[in-house]
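Notes to accompany the following structure.
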């Protein structure tokens, strides 16, 4: 399959509408190559397996009810070409870089350290990273979680980690953007019924916030205000200023005479509870049956 798709491959460059002569493609991958994602996943999985099997890498996560008898070792998480590795201390950096060097030697691949970012949490926020991992070939851009303002370019899986005040600002900006998009869409033809508009707001527009809001909360002093702002936006789009149905009544189940209108705070509490449950379950039964 690889030979059929990639050998004797030629490409042409188009510049200002002019298509040049055919050039042999001897390395790299063309944009949109249907085989590239599978080949990448196969090669990268080897690196992930090496991390999973390596002792001295990872953070122990307590099991069910906070038990440390059989903790789950959080080691790596990968999505597409974004890979995160969990380390309990700076000493584990040496172990990780040894694994990285071994992988580079056997695969011929090379890690782009110019894109490497380190996020320091807990007590490590008060400790300066080792000098050899702050410059040169092993240089990492380091940030203290909840302290430093992290640039957008260094966000991970679509999440921009930030200080508490900036998290609040991100929530407000996201809510405003969703409201503007919903208002624009509704002028083009919103459902006529209360139930239809409420479902539209819940499943089409508010749904765009859950992924971001699941992982970072505004500080406690601002949380109620921001959640109220979000709820007010949802209420205005879904049920408007109608005298015939109140927001409280609209949130009831349909069997109770309501519209099952979105309860923002209740929904987010459910999202957070599911995350905690998933972590506890995974601690007891490691994913894919791996013994880590």
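The table below gives the values:
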read-out: For residue 67: the one exception among (1) surrounded by 14 or more Cβ atoms within 10 Å (Cβ to Cβ); (2) more than 22 Å from residue 2 (Cβ to Cβ); (3) modelled with pLDDT under 95; value: (1)
read-out: Matching option when the condition is free of Cβ contacts under 8 Å to residues at least 24 places away in the same chain and over 19 Å from residue 37 (Cβ atoms), among 102, 94, 90; value: 94
read-out: Any hit, segment 231-250, residues being under 20 Å from residue 267 (Cα atoms), modelled with pLDDT of 85 or more, outside any helix (DSSP H, G or I) and outside the structural domain of residue 84 (by TED's automatic domain parsing); value: no
read-out: Test for residue 78: is it under 25 Å from residue 137 (Cβ atoms), part of a loop (DSSP other than H, G, I, E, B) and assigned by TED's automatic domain parsing to the domain that holds residue 153; value: no
read-out: Single residue of segment 97-117 satisfying the filter (modelled with pLDDT of 90 or more, within 26 Å of residue 151 (Cα to Cα) and out of contact with any strand residue (DSSP E or B) (no Cβ under 6 Å at 6 or more places or on another chain)) that is surrounded by the most Cβ atoms within 10 Å (Cβ to Cβ); value: 100
read-out: Residue match in segment 13-24 (condition: surrounded by 13 or more Cβ atoms within 10 Å (Cβ to Cβ) and either within 26 Å of the chain's Cα centre (by Cα) or over 24 Å from residue 130 (Cβ atoms) (or both)); value: no
read-out: Residue satisfying all of: in segment 140-185; part of a strand (DSSP E or B) and in contact with a helix residue (DSSP H, G or I) (Cβ under 6 Å, 6 or more places away or on another chain); surrounded by the most Cβ atoms within 10 Å (Cβ to Cβ) among these; value: 144
read-out: Segment 217-228 - residue that is touching a residue at least 12 places away in the same chain (Cβ under 8 Å) and more than 11 Å from residue 174 (Cβ to Cβ) and, of those, surrounded by the most Cβ atoms within 10 Å (Cβ to Cβ); value: 218
read-out: So residue 262, is it in a helix (DSSP H, G or I), surrounded by 17 or more Cβ atoms within 10 Å (Cβ to Cβ) and either modelled with pLDDT of 70 or more or touching a strand residue (DSSP E or B) at 6+ places or on another chain (Cβ under 6 Å) (or both); value: no
read-out: Whichever residue in segment 85-95 is under 13 Å from residue 132 (Cβ atoms) and touching a helix residue (DSSP H, G or I) at 6+ places or on another chain (Cβ under 8 Å) and, among such residues, is surrounded by the most Cβ atoms within 10 Å (Cβ to Cβ); value: 93
read-out: Residue match in segment 111-125 (condition: more than 25 Å from the chain's Cα centre (by Cα), more than 26 Å from residue 152 (Cβ to Cβ) and assigned to a helix (DSSP H, G or I)); value: no
read-out: Single match in 188, 196 (criterion: exposed (fewer than 13 other Cβ atoms within 10 Å of the Cβ) and out of contact with any helix residue (DSSP H, G or I) (no Cβ under 6 Å at 6 or more places or on another chain)); value: 188
read-out: Some residue of segment 127-139 being surrounded by 15 or more Cβ atoms within 10 Å (Cβ to Cβ) and over 25 Å from residue 212 (Cβ atoms); value: yes
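The values are calculated or read from the model by the stated rules, or taken from the named source; none is laboratory data. Bear in mind that the values here come from a model prediction, so they are computed numbers and not experimental data. Note: ideal-geometry Cβ built from the backbone for every residue, glycine included; neighbour counts use all protein chains shown.
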